[in-house]
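Below: one structure, written as structure tokens.
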Amino acid sequence: GFAKMKDVSRALTEIETLLFSGMPTYYPGSDEWGVPPTDSGHLISGISQPAVTASMLRKIVELEASDDTIQRAKKMMPSLHKNHCWWMTKRTHQETQLVAIIHPWESGCDNSPLWDEGLNNVNVRDDILKEGIRRKDTSHVDPKQRPTQDQYYRYMSLVRNGRDLGWDDEKLMEKSEFLMACPLINSLLCRAIGDFVWLVEKLGLGQEFEAERTQQIKWQQTLLSAIENRLWNEEMQCFTAIDLRSATLKQVQIPTCCGLIPLFVPELQNQFVEKLVKTAQDWTGRMIASVRPGYESFDPD
């Protein structure tokens, strides 16, 4: 947004702050997450967020490839590679080759009904029931438009469970009661990896980042194949999530806007592009709803 308003420097600062800073003050705060401060002293949560940073950086470089932009972008590249590496090595579900989320809050679509089946696997902790939770969202938003208290108990149980495991990635992949593969997370990461490769070339880092570039190309090929072969739902005519804790790796039968996000991946096969465009046209008036209008989980409010 700042770059579009011709304030490229401020747009770059926003990304630098994202990469090198910590979390805002909100509930749950750092005391609930229980994550030690980073080496730079910043407080962080125990979960991640959609990997869009490389894609945003590419947009900025495309808008203004000044010397300052190029130099600042170059400094971000190691962090971008580490982020993609973390997703692909620490969060990859081996059987499906899709990356997984351990909490709905990682998805970018926090309160979507897409997560209901996964949340049903989560047991509400006794300490959560005893202590209660200090919600802030319902103090300024109609509670009818926010998650139920039971859902929030499950959200916070996941936070406490992660804290008890020390936010150890291997243990979380093995033991987290909530583990799902999301079309939005996987597609945005797939796109971001392609944009990282573009940035390596555009920034003149071909020699310095050759190994990283080669690795990311392989990751993108693996991820795109998994998205197309595992997440496509022919009945829904869109991509849907998978409950990775179900014995059969069950697909969630709910058509949501997350299922259209693979359109953001330029390499997506035309057969899927054509079907998704038709699905989007069938859904929309002037806006794309979070759930397909008319579907049982659709709530116009």
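The values are calculated or read from the model by the stated rules, or taken from the named source; none is laboratory data. Keep in mind it's a predicted model, so treat the numbers as computed, not measured. Note that each Cβ is placed from the backbone with ideal geometry, even for glycine, and that neighbours are counted across all protein chains shown. Accessible surface is based on the protein model in full, side chains and every heavy atom, while ligands, DNA and RNA are left aside. Shrake-Rupley method; radii C 1.70, N 1.55, O 1.52, S 1.80 Å.
Just a few scattered comments:
- All positions within the range 207-218 that are open to solvent by 30 Å² or more (accessible area, probe 1.4 Å) and not hydroxyl-bearing (Ser, Thr, Tyr): 207, 208, 210, 211, 212, 213, 215, 217, 218
- Candidate set: the range 98-113, residues that are in contact with a helix residue (DSSP H, G or I) (Cβ under 6 Å, 6 or more places away or on another chain) and more than 23 Å from residue 170 (Cβ to Cβ); chosen: the one surrounded by the most Cβ atoms within 10 Å (Cβ to Cβ): 109
- Residue check for residue 150: more than 21 Å from the chain's Cα centre (by Cα) and outside any loop (DSSP other than H, G, I, E, B): yes
- Checking each residue in the range 229-259 for being part of a helix (DSSP H, G or I), modelled with pLDDT of 95 or more and surrounded by fewer than 21 Cβ atoms within 10 Å (Cβ to Cβ) picks out 229, 230.
- Of all residues in the range 51-69 being part of a helix (DSSP H, G or I) and open to solvent by less than 30 Å² (accessible area, probe 1.4 Å), the one that is farthest from residue 109 (Cα to Cα): 69
- Residue 124 in contact with a Lys or Arg (Cβ under 9 Å, 6 or more places away or on another chain) and in contact (Cβ under 8 Å) with a residue 60 or more places away in the chain: no
- Listed by first and then second residue, the pairs linking a residue in the range 261-275 that is under 18 Å from residue 55 (Cβ atoms) to a residue that is in a loop (DSSP other than H, G, I, E, B) and at pLDDT 95 or above, with Cβ atoms under 7 Å apart and 6 or more places separating them unless they lie on different chains, are 262/268.
- Qualifying residues in the range 267-301 (those that are at pLDDT 95 or above and part of a loop (DSSP other than H, G, I, E, B)) - the one least open to solvent (accessible area, probe 1.4 Å): 268
- Which listed residue, of 17, 38, is surrounded by fewer than 14 Cβ atoms within 10 Å (Cβ to Cβ) and at pLDDT 80 or above: 17
- Residue satisfying condition, being within 20 Å of the chain's Cα centre (by Cα), hydrophobic (A, V, I, L, M, F, W, C) and not in a helix (DSSP H, G or I), within set 196, 178: 178
- Selection count where residues are out of contact with any Gly (no Cβ under 8 Å at 6 or more places or on another chain) and open to solvent by 40 Å² or more (accessible area, probe 1.4 Å), scope the range 41-50: 1
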